[in-house]
1. Given the condition at pLDDT 95 or above, of a type in the set (D, E, K, R), over 25 Å from residue 151 (Cβ atoms) and not in a loop (DSSP other than H, G, I, E, B), answer yes or no: does some residue in the range 97-119 qualify?
2. Here's a check for you: in the range 142-153, which residue that is surrounded by 13 or more Cβ atoms within 10 Å (Cβ to Cβ) and in contact with an Asp or Glu (Cβ under 8 Å, 6 or more places away or on another chain) is modelled with the lowest pLDDT?
3. Name the residue, out of 75, 148, that is within 20 Å of residue 57 (Cβ to Cβ) and polar (S, T, N, Q).
4. Considering each residue of the range 130-141, count those that are surrounded by fewer than 20 Cβ atoms within 10 Å (Cβ to Cβ) and either touching a residue at least 40 places away in the same chain (Cβ under 8 Å) or in contact with a Cys (Cβ under 6 Å, 6 or more places away or on another chain) (or both), and give that number.
5. Can you name the number of the only condition in (1) under 14 Å from the mean Cα position of the chain (by Cα); (2) part of a loop (DSSP other than H, G, I, E, B); (3) at pLDDT 95 or above that residue 50 fails?
Amino acid sequence: MKTGLLTTLAAAVAFATLVPRANAHCQIPCGIYDDNNVIQAMHTDWVTIEKAVKTIPALMEDPTNNANQIARWITNKEAHCQNIQDVVSRYFLAQRVKVPAEGADQKAYLAKLALCHKVIVAAMKCKQSVDPKAVDSLHNLLHDFEDTFGSKE
């Protein structure tokens, strides 16, 4: 019975991760997107990840009766982690982190690259587990991200 349940859960998660998704930004320099709104959406993703990490272990206490909800929470958690990764790579790295001109300060550029990489890896670690420490790490990095990329209005 457990093997069948695990197979069903794995199939559901695999199916959900293979379904194509529309991306939020098309990379046309339209000026519509606001960095602060994009960052706030990343925080919303984090809230969902945190809730999933708290909910999944509770549901796992009775996996037979909660199999569908477990699969949904895992799929949802992974989608929100992936969204953070996509936003950092497709929006910030591709459009907001500019290679400095020759002779310009390289330290700020390298710091931004490192922060983007840390956020992407932290989101990956949240995908891989239900470890609250991974969620806390992502949370802290998102605040660092906001301090670095958000406007100070």
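1. no
2. Per the criteria, the residue is 150.
3. 75
4. Taking the range 130-141 as the starting set, the residues that turn out to be surrounded by fewer than 20 Cβ atoms within 10 Å (Cβ to Cβ) are 130-133, 136-137, 139-140.
In the following step, the residues that additionally are either touching a residue at least 40 places away in the same chain (Cβ under 8 Å) or in contact with a Cys (Cβ under 6 Å, 6 or more places away or on another chain) (or both) were identified as 130-132, 139.
Matching residues across the range 130-141 total 4.
5. For residue 50, the failing item is (2).
Residue-wise test of (1) small (Gly, Ala, Ser); (2) in contact with a strand residue (DSSP E or B) (Cβ under 7 Å, 6 or more places away or on another chain); (3) part of a helix (DSSP H, G or I); (4) closer than 22 Å to residue 115 by Cβ.
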residue	(1), (2), (3), (4)
45	no, no, yes, yes
58	yes, no, yes, no
75	no, no, yes, no
78	no, no, yes, no
85	no, no, yes, yes
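The values are calculated or read from the model by the stated rules, or taken from the named source; none is laboratory data. Just so we're clear, the structure is a prediction, and the values are computed from it rather than from any experiment. Every residue, glycine as well, gets a Cβ built from its backbone with ideal geometry; the counts of neighbours run over all protein chains shown.
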